[in-house]
């Protein structure tokens, strides 16, 4: 038996190999192996997919970073710096800087107050600083009454669509943008083509309720004065859309440094009307309190002359004991923020005064309690410990309030550009017009329209924001 015979018929196993994929016909990605189409290995420079990273990492390297020129020392005449024009213009000048030469500064300050006292319903983005909105209001398509006698004969004028419930119950970035766009629609002075602006959140940077905007230049005064701009329909519409109050002032030294602040008393320093409180103590006739309250309301609206209305109301109080002025002291409800405001004004060196269309005994007492410098009100005639129904001397009405403001300013040596007057009724309008800034505090509609500025918040301490103070600075003044 030969060797061939012993191995004949048995194929050799050493020559057979199992089929395998070579490195040129396979990838390390399961997805790439089984997809029908394989894109070419071309990709934007610096952008790699997961397959490319796995496959090409051993053979390709990421592009090296751009070479940085070495530091060649401080520039000198022998080694001048290499200047490259980047297309960016740098300047130390800014619209908020001091004006060049003898050019007068022309800037407008707009202080935006969100009406936190009256937030919109169904806020999608409520401020964490505010309570949840009350959902008990009537829908806009539902009648506000179920009495046919009180049903309106005509539908009310449609308000603009409220926007604060969409973008947040605070001064949102879109609210600021909308206001800047509104201001850009007014003509600028001759030679000016652009308006610049800056803003400060005065109370909180994340959800501000008070924002101060500085715009330069002001709209052309030949087209629109500041007084007319404050009453412009577009400003009023913006306030209703965004649920804000807008206070416009010229950016001057006097705005930041007032020296005399004058207050009305009833519904300003306190939340009540004193004469109504006095009438409420009289039980006979039973309708006396409501009659006096109605006269007071109409006088504050400007429907009645204040002097005649006051004499009529005092006449109805004939026979009331003079002890009423002492009895009402603990009942007076001082407006929120007033004690802190007076303290802050004192620390700033600002003089204060209260001019009231009420009664001198209570006005003088309240001024003493709050440390107010001047107090003026009406003096009623008292005989045998009872009111006679007569008034002694001039009635502190709208004209008398204006005259007293001028007298106090002259006595204290204060320029009228540094005087602020605050009130809520029609009898305060002449006083507010004589001051550099007249502020309507939760006022009647006519006063809101005629005043230089409006505040409709919960605390009178908000007045300090009109000076440009921040909440941090206010806290330092009242601590």
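Read-outs: derived from the displayed coordinates by stated rules, not from any lab. As the structure is a computational prediction, the values presented were derived from the model and not from experiment. No Cβ is skipped: glycine too gets one built from the backbone with ideal geometry, and neighbour counts run over all protein chains shown.
With all projection directions averaged, the alpha carbon convex hull of region 277-376 covers 7.3 nm². Pairs of Cα atoms nearer than 8 Å and 6+ residues apart set the relative contact order; for region 320-392 it is 31 percent. As a proxy for reagent exposure, 210, 109, 439 were ordered by neighbouring Cβ count within 10 angstrom, fewest first; the result is 109, 210, 439.
The calculated P(r) of region 148-300, using every Cα pair and 10 Å bins from 0, goes 8, 24, 25, 23, 14, 5, 1, 0 in percent. Divided by 2.2 N^0.38 Å, where N counts the residues, the Cα radius of gyration of region 172-230 comes to 1.25. With the cut-off at 1.5 for a/c, could you classify region 370-409 from its C-alpha gyration tensor as rounded, prolate or oblate? In terms of gyration-tensor shape, oblate. Averaging the sequence gap over all C-alpha pairs within less than 8 Å and six or more residues apart, then dividing by the number of residues, gives region 260-478 a relative contact order of 24 percent. Among 342, 422, the ranking by other beta carbons within 10 Å of each residue's beta carbon, starting with the fewest, stands as 342, 422.
Where the centre of each part is set by its Cα atoms, how far does region 351-406 sit from region 167-231, in angstrom? For region 351-406 versus region 167-231, the Cα centre distance is 40 Å.
Overall dimensions of region 217-281, expressed as equivalent-ellipsoid semi-axes from the Cα gyration tensor (√(5λ), whole Å, largest first), are 34, 19, 10. By the Kirkwood approach, averaging reciprocal distances over each pair of separate Cα atoms, region 260-478 gets a hydrodynamic radius of 17.7 Å.
Counting neighbouring Cβ atoms within 10 Å and putting the fewest first, the residues 185, 363, 459 line up as 185, 459, 363.
Across region 201-312, the mean sequence separation of Cα contacts (distance under 8 Å, 6 or more residues apart), normalised by length, yields a relative contact order of 9 percent.
Annotation: peptides 423-436, 343-356, ranked by per-residue average of other Cβ atoms within 10 Å with the highest first, follow the order 423-436, 343-356. Between the C-alpha center of region 252-322 and that of region 426-479 there is a gap of 20 Å.
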